[in-house]
1. Which ones in segment 24-38 are part of a loop (DSSP other than H, G, I, E, B) and at pLDDT 50 or above?
2. List every residue pair whose Cβ atoms lie under 7 Å apart, where the two residues are 6 or more positions apart in sequence or sit on different chains, the first residue falls within segment 71-86 and is on the phi > 0 side of the Ramachandran plot, and the second residue, located anywhere, is of a type in the set (Ser, Thr, Tyr) and in a strand (DSSP E or B).
3. Looking at (1) in contact with an Asp or Glu (Cβ under 7 Å, 6 or more places away or on another chain); (2) more than 30 Å from residue 128 (Cβ to Cβ), which one does residue 110 not meet, given that it meets all the others?
4. Taking segment 101-128 only, how many residues are loosely packed, with under 13 Cβ neighbours inside 10 Å and under 28 Å from residue 42 (Cα atoms)?
5. Please report, ordered by residue number, the strands (runs of 3 or more DSSP E) entirely within segment 39-150 with at least 2 residues that are modelled with pLDDT of 95 or more and closer than 15 Å to residue 28 by Cα.
6. Go over the candidates 49, 64 one by one and state the one that is crowded, with 17+ Cβ neighbours inside 10 Å and without any contact (Cβ under 8 Å) to a residue 40 or more places away in the chain.
Amino acid sequence: MRIFFLFIITAVVFSSCSTQSADADGKVGSDIKVILQEEISEEGSKLVIRSETFEIFSCYNFSIVTQQQFRNNEITITYSGIVKPELCLTALGPAQSLELFGLKNGIYKIVFVNDGVKNEGELTVDDEKYVLEIEDPKNVFVETGVLNRS
């Protein structure tokens, strides 16, 4: 009888997990919200840009595939797909990504590219706060636009 229950439990665990990679078409297929956070360590503070899909997935640990480029005070973050986890954390939730930046005080142009659509804005960094504004948001929206620094 124990072997039967062990077999059932094993079957349930493996049926809830899937191994797949990023979507082949390179699209996220959902609007994205952006949240500013700060990470503090011995090396100093870093800005964290957390991105989440509006779409809710069956596993809490889906990830957004991102590429970031930093050149001449311009930051570009491109969202290019969703990665399905090997092991599913069985709770509903958005796909997420984290981007970390150790930025000096200044004004940066920032571009978010989601499903081929550019969302352009400005990121201001000073001693007291981070401010993120997107001029005309299309499919990337700022949830936390002002973050006071620690």
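The values are calculated or read from the model by the stated rules, or taken from the named source; none is laboratory data. Since this is a predicted model, take the numbers as computed values, not measurements. Cβ: placed from backbone, ideal geometry, glycine included. Neighbour counts: every protein chain shown.
1. Scanning segment 24-38 gives 25, 26, 27, 28, 29, 30, 31.
2. As it stands, the answer is 73/108, since those pairs meet every condition given.
3. Tallying (1) in contact with an Asp or Glu (Cβ under 7 Å, 6 or more places away or on another chain); (2) more than 30 Å from residue 128 (Cβ to Cβ), residue 110 fails exactly one: (2).
4. Final tally of qualifying residues: 8.
5. Values: elements: 44-57, 63-71, 74-83, 93-101, 106-114, 117-125, 129-134, 140-144, 146-148.
Strands (runs of 3 or more DSSP E) meeting the threshold: 44-57, 63-71, 74-83, 93-101, 106-114, 117-125, 140-144.
6. Values: 49 fails: without any contact (Cβ under 8 Å) to a residue 40 or more places away in the chain.
Of 49, 64, the one residue that is crowded, with 17+ Cβ neighbours inside 10 Å and without any contact (Cβ under 8 Å) to a residue 40 or more places away in the chain is 64.
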